[in-house]
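Please treat every number below as a calculation from the coordinates, not as lab data. It should be emphasised that the depicted structure is a prediction, and the values quoted were computed from it without experimental measurement. We place every Cβ from the backbone using ideal geometry, glycine too, and count neighbours over all the protein chains shown.
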Amino acid sequence: MARYVIKAKDKMKTLKNRRFLVPRKFKKFSKKSQLTMLMIVGLVLFIIISLVLYLSKSAVKKQSQQSIKKTQETAIEVQPIKEFVTKCVDKLAKDAIILVGKQGGHIYSSQGGTLVDYQDTDEGLFFVRHDAFNVAYNILPPKFALPPHSSEIPDYPWQTFPYRTSASNVEVFDGFFGISNIPPLNSSEGSNSIQTQLETFIDNNMKSCANLDFFKNQGLEITMSKAKTSVTIGASDITVRSEIPIKIKNTATNEITELNDFSTVLDVGIRDAHSFAKDIIQNEIKNIKFNISDSKNYKVPANTKIVKDIFSNDDLIIVTDENLLVYGRPFEYIFARKNRAPALYYIKKNTLEFPQGYEITKEDLLKNYELKAEDPDEDKMETSFYIGESGKNPAIFPKKLEAPQLKFRIEVSDGKLSDYQIVTVNRK
């Protein structure tokens, strides 16, 4: 009985072990299946990742292309505005140069410049009228001269003119015959310079020139702030840089673009023109014999024209530079010259003696002295003789000497201003 029990247990154990045993061919098949599944899963993951990367890359590329397209469209929208404003900078700079030339270096506040506007009643005091322009005086009569020079008649320009001393026969024609009123070229040289006036004119006239209403009608909101211009006057050109903050909004896309810097270079060498005008003015007020219209006085060819007596005895000087073109026309620098008094040569023998009853003539008063005078404005002069020092009683010659002493006033005049000397005749 016990033996059968043991056999039964062994049989049960054997069956139990068989239940959990897998044949080798089935075990081999299971490993291949697992590898296949892993490959399939890996391939699927690869495809999914590649697809995600491709879609992401396409989206980025599309977004970048759209951004580039937007940038290009924006550039196309603002480029005409930039060109328009730049042309205004160029135009205003040229207009300012023309005004400076036409008005003796001045641009008035009503025109957008720095200088106070003159009243009509100021003509002949500060300016003369020419071709609808108020031309400023660049040459004024001498004032507050230091000895030995004088601005007061009859000691003008100095008492013994043109001789160094009363005993000298050496003639000197350099002296103090006027004041230069030409504006400086650069702001570093003084107030109301040409540079400052150009900058101020451009700034004050920019909004009226750069009227952007046309672009606003194209679906753009545009705001423009006040311009700030810097002008550099070079040897042969002028560089103009304007900071003009402009904000542009596309109302369709709400995209905002800002512009700020505008510039232009003008092939206009006004430095040489200003230097030339300054030189001839300096010569004109330094040397009484200098003739401003005589080309022989200039180291460079010049076309200088004088319009005589444009206002009373005041003259207009027109200096034309044929090589300097603005809007295709030669640049002109025009300024006014205030009339200045002639200067009578010193009469060395100014005290004479004659017997009572002597009939005095003009020749007696001059005593073989040639009456001469110079006029700084090249005006025609007339000589007059008066009894007494006042210049009110014309002398009639011959004049009989009866009083112990007679004084004669010898005067030279350009019709408006005069210089004189007194010759005293004593009775022996």
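Around I179, which amide H atoms from residues at least 5 apart in sequence, or from another chain, sit under 5 Å from its own amide H, with H modelled in the peptide plane?
Sorted by chain and number, the residues that satisfy this are L140.
Quick one: angle between helix 2-20 and the longest Cα principal axis of the chain, in degrees between 0 and 90, rounded to 10, please.
That works out to roughly 30 degrees.
Could you tell me which label, among (i) -0.60, -0.87, -0.96, -1.22; (ii) -0.39, -0.78, -0.93, -1.41; (iii) -0.32, -0.66, -0.81, -1.35, carries the value of log10 I(q)/I(0) by the Debye sum over Cα atoms at q = 0.07, 0.10, 0.11, 0.14 Å⁻¹ calculated for this structure?
Computed from these coordinates, log10 I(q)/I(0) by the Debye sum over Cα atoms at q = 0.07, 0.10, 0.11, 0.14 Å⁻¹ corresponds to label (i).
Along the charge dipole of the chain, pointing to its positive end and built from +1/-1 on Cβ of Lys, Arg, Asp and Glu, which listed residue (L259, L53, A145) has its Cα farthest out?
It is L53, whose Cα lies furthest towards the positive end.
Among T229, V78, Q197, pick out the residue whose Cα is farthest towards the positive end of the charge dipole of the chain, where Lys and Arg carry +1 and Asp and Glu carry -1 on C-beta, about the Cα centre.
It is V78.
7 Å from Cα along Cα→Cβ at both S384 and Q218: what's the point-to-point distance in nm?
Here the modelled spin labels are 7.2 nm apart.
Where the only charges are on Cβ atoms (+1 Lys, Arg; -1 Asp, Glu), what is the dipole of the chain about its Cα centre, to the nearest 20 debye?
For the chain, the charge dipole is close to 7960 debye.
Read phi for every residue in region 162-176 and hand back ³J(HN,Hα) as whole Hz from Karplus 6.51 cos²θ - 1.76 cosθ + 1.60, θ = phi - 60°, with x for Gly and Pro.
x, 8, 5, 9, 5, 9, 9, 9, 6, 9, 10, 10, 8, x, 10
Roughly how many debye, to the nearest 20, is the charge dipole of region 343-427 about its Cα centre, given +1 on each Lys and Arg Cβ, -1 on each Asp and Glu Cβ, and no other charges?
On the way: 13 positive and 16 negative charges, 105 e Å.
Value, rounded to 20: 500 debye.
Mind checking which of S180, S263, S166 has the largest fluctuation in a GNM of the chain, springs on alpha carbons under 10 Å?
S166
Please return the longest range in the chain lying between exposed loop sites, taking chymotrypsin sites (Phe, Trp or Tyr not before Pro), DSSP loop only, at most 11 other beta-carbon atoms within 10 Å, and leaving the sites out.
It works out to 145-326.
Let me have the relative contact order for the chain, percent, based on Cα pairs under 8 Å that are six or more residues apart.
The normalised contact order for the chain reaches 13 percent.
Quick check: the angle from helix 270-286's long axis to the longest principal axis of the chain, C-alpha only, nearest 10 degrees?
The angle comes out near 20 degrees.
Among I288, I347, S168, which residue has its Cα positioned farthest towards the positive end of the charge dipole of the chain, with +1 placed on the Cβ of Lys and Arg, -1 on the Cβ of Asp and Glu, and the dipole taken about the Cα centre?
I288
At 7 Å along the Cα-to-beta-carbon direction for both E322 and S168, put a label point, then send me their distance in nm to one decimal.
4.2
Longest exposed-loop-site-free stretch of the chain, with GluC sites (Glu not before Pro), DSSP loop and at most 15 other Cβ within 10 Å?
1-151
Given a 10 angstrom Cα cut-off, can you work out which residue in S151, S168, S187 is the most mobile in a GNM of the chain?
Among S151, S168, S187, the largest GNM mean-square fluctuation belongs to S168.
Tell me the trypsin sites (Lys or Arg not before Pro) within region 365-418 that lie in a loop according to DSSP and have at most 11 other beta-carbon atoms within 10 Å.
Here the sparse-neighbourhood loop sites are K380, K392.
Please find the FRET efficiency linking S312 to S263, where r is the Cβ-Cβ separation and R0 is fixed at 35 Å, and quote it to the nearest 0.05.
Given R0 = 35 Å and the Cβ-Cβ separation, E is 0.15.
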